[in-house]
Amino acid sequence: MITKFLIIIVFCSFVESHVEIHLPGDAIVGGLFPFHKSVNGECSDELDYAVVQEAEAVKWIFNKLNQGNFINGVKLGFKAYATCGKSDLAQKWAEQIVFENYHMSLNCSDEARYVGLIGPESSSEATVVGKLLGSMGPSNRLLQIGYSTTALSLSDKSRYPHFFRVVPPDKWQIQAMVDLMLKLNWTYVAVLYEDDIYGNEASNELIASAKASGICVNKAISVNNNLRTDEIVDFFSHSLGNLSDQDGNRIGGLVFFGGSQLARLLALSTNNLTSRQTLPVFIFSEGVNGQNELFKFGNWTPIPATKGSYTLNPFSVELTEFTEHWQSMLKKESTLLAESKANSWLLDLFEEQTGCRPDIGTCSFLNDEEIYHKFPLVFYSQYAVEAALAIAWTIKHVLSDACPSGGICPRFCDVPVSDFITRLSGSNINLGMDFHPFYVKSFRENKMTLAFDRNNDVQLSENIPAYEVQIFKACADVIIDFCFVKVGNYKNNGLQFDEVIARDYASNGSELIWPNFRKAQCEDFSKCMDCTVDDRVSGIYHIPGDMYVIGIVPIHDIGVTSLQCGPIRPTGGFEISEAIVYAIKRTKKLNMPIPNADIGVLIIDTCNDKMLIQQRILSLHRFGLPLDTGEHMFINNRVIGYIGALGSGISIPAAETTTRLGYVQVSYGSTSPVLSDRNKFPYFMRLPSPDDKQAPVILSIVQRLKSNLIQLVYSEGAYGEGGRDSIVAAAPNFRVCIANIIPVAEIVGARVDSYSYILDGLREHSDVRYVVFFLRSHVQPRVLEMLNQKVNPGEFLFIGSEAWGIRDNLQYVSNLEGSLTIAQRIPVPDAFREYMGRLHPNGSDSNAWLQPYMESRLDCYYQWSFDKLSGKKCNENNRLDAGTNYKMDTWTPFALHATQALLMGAQQALVQLCGNSSTVCDAYRTNPDVLVQNIKETKLDLTNIQIPAIVFDENGDGLIDYIVYNVQKKYGIPTYTEVGSWLAGGGFQFWEDKLIHPGGAAFQSVCSGQAECDRCFPPVNDDNTLVGFIAALAVLAVALVVTVVLLVVMIIWFRRQDKAVSSTAMTIPASGETDVQVSESRYQGLHSRQEQNEDGSMSIKSKEGGQSFTDSDDLDISGGYIHPEYKYKSNNIMNSSQNNEIPHPKKYDNTDFK
């Protein structure tokens, strides 16, 4: 009762209704159409011929159905009202229809009643009307069907439960636009949109979808359609004349969302610009309605700037029967006069186009060419027919249930209008077969159907495209004329584009053929700053699957601040991620080792930031994987395991997280001894051998070169500090003295001179000529570049850890010939090299990292790139193969085989725990130790000799041999030459005769005198004569007596001094964040011992009187064989660097990447 009262109150304010089209009938369908164009925000006298045609199509199909008695004994009626495209008028007429329907229901036996509503034509009007009807009670809610309204918000069934549409919504149009731009190699565009619901929603969706596909929308411009016509034209002219970014780069593509009137004004505004050279290529939305005349002058010649423009429209077919009806009215006076009785707009339209009105005078009727130009068919007439058929089908079935004998029976009066909504919701209408005896031929031939999804949007048929792409070009049949020609179809599986038919036009009007089309891209020799960071945004590369391998890879370097990514890594990143992907693709191809599952991939970009990797892992498992649709997919019970990371500083925080989550993690490059702690990291494994196995190799090299004195340079963080600790601990066993230790902090954006302080520090001890490096792989090149420029030939012999190895940094070692490095080496499979060589970006790659990586490695840019400052274009010959001297990072094959080991172990674990299931079962998820054991038992053929072998020890660490390399020049080009090896099973080989020495001559690094050597290596008494032996026993006896006498006194004294000693002892932090605890035996030297404090830190104390060494004392933090005279003074080195205006290294956290 409340609803009825409100309707009455609203209706009382109305003037007498104005029905524009009236087809009498027993069941009435209402219609809302903008018959008049809106000019300067007001209704004008000018008719919109497309709308008149669409309304006539509804009237025509209802007449056809009535003539065939489609609904037994019932005539379909049609009343259409003029809205002028104004939402307030649309709402007014909707309210009147609702009230009239209420009035009719009170006199149902005497009057027809409304059963539904078609329209309005625009989304803005439809949402206003939809809100009104949706707010009604269910029993009074009128069925509404849209035939041209595509706005995304109309899919909200909670707000519009009564609203259906037969036209695909904008999500399909926008995806078709994005696919079209990708096909055209567009990457840099602007969007111009009408400031209404349709324009705002569509532009926002386009910007988001384009960005996800690597297309940058640099500008979004809205236009107020309530301005005067001249103001709108001026606005368009100004916008097009200034279509560039903030740096002056021209934007070559423009996407337009708006109605046909604005599209016409935009086309006309291009003629106001003096040069077409700077005009963009246009893509118009479906609002153009396929009207060729919008882009032509009054004499039917095309507007030059619109040649080659694209437009999208829903799939259309020619309705031959309606075409004949439409043309017959324009050719024959009697037909036009007869049809105008129900549609008076036909006479007004004819008069507007021809200047003659047949009901008041004699007119010359039109031929085919005149009809083509003045009264062309529009594709939305087809959709108006589909909407009419949908509502007719619904009325028939509701009436059949209420009145089985036919006609309008009393029971029909009691049927609530909501029954029509319910009936249509579950429908599946065959447009070509369900309307006997009348059939629309084209519907029947194309097997077209109508069904609706849960949002009441039309469901797309597999055989019917959602949208078509048309281009404004010279017509095939009339070469001098221009029209829209279909060049593509968009379906669920993507865009099909006909390159042969498509044409473009140069600024001088000459025709261009594919692929030489204009391209909306960042201009050559420029950088489009607003778009250059897009490849770093998501941080995750996703290949869908039933279960997932998750890779942890440093695609980018760390940014200036934490949680921010820097530039893409030219090596040691992308190729590693592709090795993981390749291993899984190969598994799929061979249908093993998990044949019943489709294995997916997730690659997480660490950006060398330990906080970022923890955040991304936790976010992935807490919130799920973000999808392009905006939804999240939870993967916790779909994870096979983790692969990674590269460096220990990232693997440690990652392992802390994966351990808590209960996932197995297999690293391909982390070697810190800390990660061997299975109490802390029970599910961590790694293919490479740990760093404590590097130290014996390096020290054996020093020993074999008859030297015993070294300097040590290490990176701050887990990797470098772990290497430092291993060298210091192993040095006593090789009687090697460490004269100087230099820590190296990572410097973001480092220049060559940024690391000059290292050479200054080494030269303070110039007589110590052997230098051992434990530097991260991304720090190493900058340091080597500095040394390559500044070190003197033969000044030092550099010995690099495996982080130097045989990496592709030869440009930095041309003056460092004679240097030695060690590496754990696994050959790269030939098949993987070929796979990498086939990679080639195309501007629409699902992997956003491919293009920037290749541009970085190949030193060129692709035509769709946003950074073209290099001035060198990439072409088909620029590949990641031997022809471009492409070399992969050392750890790339490790990643491939680590992934293979994980998959092979997972196969066994899944069979044991889940049977033949193709999913990850709960038992697999809760028993990671089973997977660990199976991976340990995995055998791999790492060297391609067809003999698989165990590659993990019982602790889960790798069993990989070390190779020793010497930097040598071959024909003037530095190379890495193998000169030795260290086998994991034991045994060291070193071929001194193959060495090239720094400066061309061999030299040693030894302590210079006996006294000096004694300070580092106290003399050992080798006299085993009887006299010596007796003397030694005598001394020992005296010492024992003294010891017994003083024992009690010493104990009391030490207890009293314990507190004082602890307060003055130097505290040694453990390696990075890893809390490494090294025992006294490992650090024990002749001068000192290392003890653990209560807080877990370490103190170094002298064995001579129990004195603690502070920071100013001779003993360095190593606690072992460190010569007192060669202690590194960091302040002196840094001060000398500052004198040379080299910035102090910025100290970051212990993020560590080799």
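Residues in region 407-447 that are under 23 Å from Trp60 (Cα atoms) and either in contact (Cβ under 8 Å) with a residue 60 or more places away in the chain or acidic (Asp, Glu) (or both): 15 in all.
Lys341 meets each of the listed conditions (1) more than 26 Å from Gly298 (Cβ to Cβ); (2) open to solvent by 20 Å² or more (accessible area, probe 1.4 Å); (3) assigned to a helix (DSSP H, G or I) apart from (3). Within region 359-383, the set of residues being polar (S, T, N, Q) and either open to solvent by less than 10 Å² (accessible area, probe 1.4 Å) or under 20 Å from Phe295 (Cβ atoms) (or both) comprises Ser381, Gln382. When Asn249 is tested against (1) closer than 20 Å to Cys522 by Cβ; (2) open to solvent by 20 Å² or more (accessible area, probe 1.4 Å), exactly one condition is not met: (2). Identify the residue in region 986-1002 that is crowded, with 16+ Cβ neighbours inside 10 Å and aromatic (Phe, Trp, Tyr) and, among all such residues, is farthest from Arg769 (Cα to Cα). Out of the qualifying residues, it is Phe988. Looking at region 750-786, which of the residues that are of a type in the set (A, V, I, L, M), part of a helix (DSSP H, G or I) and within 39 Å of the chain's Cα centre (by Cα) is farthest from Ser1008 (Cα to Cα)? Within region 750-786, the match that is farthest from Ser1008 (Cα to Cα) is Val752. Which condition from (1) under 22 Å from Thr890 (Cα atoms); (2) under 42 Å from the mean Cα position of the chain (by Cα) is the one that Glu817 breaks? Unmet condition: (2). Among the residues of region 799-812, some residue qualifies, meaning at least one is farther than 25 Å from Ser689 by Cα and among the hydroxyl-bearing types (Ser, Thr, Tyr). For Ser865, the criteria (1) within 20 Å of Ala645 (Cα to Cα); (2) open to solvent by less than 20 Å² (accessible area, probe 1.4 Å); (3) not in a helix (DSSP H, G or I) hold in every case but one, which is (1). Inside region 149-185, can you point out the residues that are open to solvent by 10 Å² or more (accessible area, probe 1.4 Å) and of a type in the set (Ser, Thr, Tyr)? Passing the criteria: Ser153, Ser155, Ser158. Considering region 750-774, and only residues there that are among the β-branched types (Val, Ile, Thr) and more than 19 Å from Leu699 (Cα to Cα), the residue that is most open to solvent (accessible area, probe 1.4 Å) turns out to be Val752. The set of residues in region 841-862 that are assigned to a loop (DSSP other than H, G, I, E, B), out of contact with any helix residue (DSSP H, G or I) (no Cβ under 8 Å at 6 or more places or on another chain) and either charged (D, E, K, R) or open to solvent by 30 Å² or more (accessible area, probe 1.4 Å) (or both) comprises Asn842, Ser846, Asp859.
Surrounded by 15 or more Cβ atoms within 10 Å (Cβ to Cβ), in contact with a strand residue (DSSP E or B) (Cβ under 9 Å, 6 or more places away or on another chain) and hydroxyl-bearing (Ser, Thr, Tyr) - does that describe any residue in region 224-236? No: zero hits. Looking at (1) under 18 Å from Gly972 (Cβ atoms); (2) open to solvent by less than 30 Å² (accessible area, probe 1.4 Å); (3) out of contact with any Leu (no Cβ under 7 Å at 6 or more places or on another chain), which is the one condition that is false for Pro793? In the conditions (1) under 18 Å from Gly972 (Cβ atoms); (2) open to solvent by less than 30 Å² (accessible area, probe 1.4 Å); (3) out of contact with any Leu (no Cβ under 7 Å at 6 or more places or on another chain), Pro793 misses (2) alone. Annotation note: of Val533, Val560, the sole residue that is touching a Gly at 6+ places or on another chain (Cβ under 9 Å), at pLDDT below 90 and either hydrophobic (A, V, I, L, M, F, W, C) or over 30 Å from Ala895 (Cβ atoms) (or both) is Val560.
Comparison of Leu377, Leu349 shows that the only residue that is assigned to a loop (DSSP other than H, G, I, E, B), under 55 Å from the mean Cα position of the chain (by Cα) and under 22 Å from His36 (Cα atoms) is Leu377. None of Ser139, Ser155, Ser122 is in contact (Cβ under 8 Å) with a residue 12 or more places away in the chain, in contact with a Lys or Arg (Cβ under 9 Å, 6 or more places away or on another chain) and of a type in the set (S, T, N, Q) except Ser155.
Yes/no per residue for (1) in a strand (DSSP E or B); (2) at pLDDT below 90; (3) open to solvent by 20 Å² or more (accessible area, probe 1.4 Å):
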{"position": "Tyr582", "(1), (2), (3)": "no, no, yes"}
{"position": "Thr587", "(1), (2), (3)": "no, yes, no"}
{"position": "Met592", "(1), (2), (3)": "no, yes, yes"}
{"position": "Ala597", "(1), (2), (3)": "no, yes, no"}
{"position": "Gln615", "(1), (2), (3)": "no, no, yes"}
{"position": "Ser619", "(1), (2), (3)": "no, no, yes"}
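Taking region 281-304 as the range and being open to solvent by less than 10 Å² (accessible area, probe 1.4 Å) and either free of Cβ contacts under 8 Å to residues at least 40 places away in the same chain or not in a loop (DSSP other than H, G, I, E, B) (or both) as the test, the residues that pass are Val281, Phe282, Ile283, Phe284, Glu286, Val288, Phe295, Lys296, Ile303.
Limited to region 448-461, what total is found for residues that are in contact (Cβ under 8 Å) with a residue 60 or more places away in the chain, open to solvent by less than 40 Å² (accessible area, probe 1.4 Å) and in a loop (DSSP other than H, G, I, E, B)?
So the first thing to find is which residues in region 448-461 are in contact (Cβ under 8 Å) with a residue 60 or more places away in the chain, and the list is 448, 450, 452, 454-458, 460.
Narrowing further to those that are open to solvent by less than 40 Å² (accessible area, probe 1.4 Å): 448, 450, 452, 456-458.
This time we only want the ones that are in a loop (DSSP other than H, G, I, E, B), so: 448, 456.
Selection size over region 448-461: 2.
Within region 371-386, residues that are modelled with pLDDT of 95 or more reach partners that are surrounded by fewer than 24 Cβ atoms within 10 Å (Cβ to Cβ) and hydroxyl-bearing (Ser, Thr, Tyr) with beta carbons closer than 7 Å, at six or more positions or on different chains, in the pairs Gln382/Ser316.
A single member of Thr274, Thr278, Thr311 is open to solvent by less than 40 Å² (accessible area, probe 1.4 Å) and either in a loop (DSSP other than H, G, I, E, B) or at pLDDT 90 or above (or both), and it is Thr311.
Ile635 falls short on exactly one of the conditions (1) closer than 17 Å to Gly539 by Cα; (2) out of contact with any Leu (no Cβ under 8 Å at 6 or more places or on another chain); (3) surrounded by fewer than 24 Cβ atoms within 10 Å (Cβ to Cβ), and that condition is (2).
Pairing residues of region 902-926 that are in contact (Cβ under 8 Å) with a residue 12 or more places away in the chain and over 15 Å from Val549 (Cβ atoms) with residues that are in a loop (DSSP other than H, G, I, E, B) and open to solvent by less than 10 Å² (accessible area, probe 1.4 Å), at Cβ distances under 8 Å and at least 6 apart in sequence or on separate chains, gives no pairs at all.
The single condition among (1) buried (at least 24 other Cβ atoms within 10 Å of the Cβ); (2) at pLDDT 90 or above that Ile741 does not meet is (1).
Checking each residue in region 65-88 for being open to solvent by less than 10 Å² (accessible area, probe 1.4 Å), hydroxyl-bearing (Ser, Thr, Tyr) and within 47 Å of the chain's Cα centre (by Cα) picks out only Thr83.
Counting only residues that are part of a loop (DSSP other than H, G, I, E, B), buried (at least 18 other Cβ atoms within 10 Å of the Cβ), in contact (Cβ under 8 Å) with a residue 60 or more places away in the chain and not acidic (Asp, Glu), region 803-827 holds 10 of them.
The values are calculated or read from the model by the stated rules, or taken from the named source; none is laboratory data. Just so we're clear, the structure is a prediction, and the values are computed from it rather than from any experiment. For neighbour counting, all protein chains shown are included, and Cβ atoms are generated from backbone atoms with ideal geometry for every residue, glycine included. For accessibility, only protein heavy atoms count, side chains too; no ligands or nucleic acids. Shrake-Rupley method; radii C 1.70, N 1.55, O 1.52, S 1.80 Å.
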